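Have a look at the structure below, then the notes.
The values are calculated or read from the model by the stated rules, or taken from the named source; none is laboratory data. Keep in mind that this is a model prediction, so the values were computed, not measured. Using ideal geometry, Cβ is built from the backbone for each residue, glycine included, and neighbour counts are taken over all protein chains shown. What goes into the accessible areas is simple: the full protein's heavy atoms, side chains included, and nothing from ligands, DNA or RNA. Shrake-Rupley method; radii C 1.70, N 1.55, O 1.52, S 1.80 Å.
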Amino acid sequence: MQQREVVLDTETTGLDPASGHRVVEIGCIEVIGGVRSGAFFHSYLNPEREVPDEAVRIHGITTDFLKGKPIFAEKVDDFLAFIAGDPLVIHNAGFDMRFINAELERLGFPALPFERAIDTVLMARKKFPGSPASLDALCKRFEIDLSARAKHGALLDAELLADVYLELLGGRQVVLALDQKNAENTRTETESAQSREKLEPRIFPIAPEELEAHAHMLAKFKKPVWEEYS
């Protein structure tokens, strides 16, 4: 059975939950065997505080927009049900995990273990030492379409990260290799079939004694059927 993982991203009111900053958006994408399944969780959240202008400039989510949106307490059960006990794929995992855990602990839920997180920043730095490891940079490296990303957004960023994660795992390269192997197998089978079609017919001459034995056998039949229709 292929492993289920959850690609997760958040948007927040600031950089530090210890300073009272809160989560304003959560986006999660289900990945099975390194490939997006189509299942997702997404919610905007009322942070019960103002969203500073510097945060709005990053994600475009304003205080007015979040009025009337659910608070984290109203979505926590759905969120926890979606992520279940599966690994969490996060870009710069320490940031998002701190915010998620601050929200959980505020409601009396246990914190998520940091060991659950797969940090794609660390993966990228290991795979491409010295190269930029931002989500934008990785999307450009892997030629993933960024045209919809005018600003940060948790669900969109989770979708992009799911594609980046596949690339970091070597996903497309593996698929291409399998396709090439299948093509080679098909070509070999076709060539083999064509070779069989070109074979000359084999002729087996009948020996005189075999003809004599056959005539002797036919002489034993009385009124054979084939003579009635000849």
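A few comments on the model shown:
- So Ala102, is it open to solvent by 20 Å² or more (accessible area, probe 1.4 Å), in contact (Cβ under 8 Å) with a residue 24 or more places away in the chain and assigned to a helix (DSSP H, G or I): yes
- Among the residues of the range 53-72, not a single one is without any contact (Cβ under 8 Å) to a residue 24 or more places away in the chain, in a strand (DSSP E or B) and at positive phi.
- Hits in the range 73-93 - residues which are open to solvent by less than 10 Å² (accessible area, probe 1.4 Å) and assigned to a helix (DSSP H, G or I): Val76, Phe79, Ile83, Ala93
- Hits in the range 107-127 - residues which are open to solvent by 40 Å² or more (accessible area, probe 1.4 Å) and part of a loop (DSSP other than H, G, I, E, B): Leu107, Gly108, Phe109, Pro110, Ala111, Pro113
- Which listed residue is loosely packed, with under 12 Cβ neighbours inside 10 Å and either touching a residue at least 60 places away in the same chain (Cβ under 8 Å) or not in a helix (DSSP H, G or I) (or both), from Asp145, Asp96, Asp157: Asp145
- Condition met for Glu167 (modelled with pLDDT of 85 or more, over 26 Å from Phe79 (Cβ atoms) and open to solvent by less than 60 Å² (accessible area, probe 1.4 Å)): yes
- Restricting attention to the range 18-46, the residues that are open to solvent by less than 20 Å² (accessible area, probe 1.4 Å) and not in a strand (DSSP E or B) total 2.
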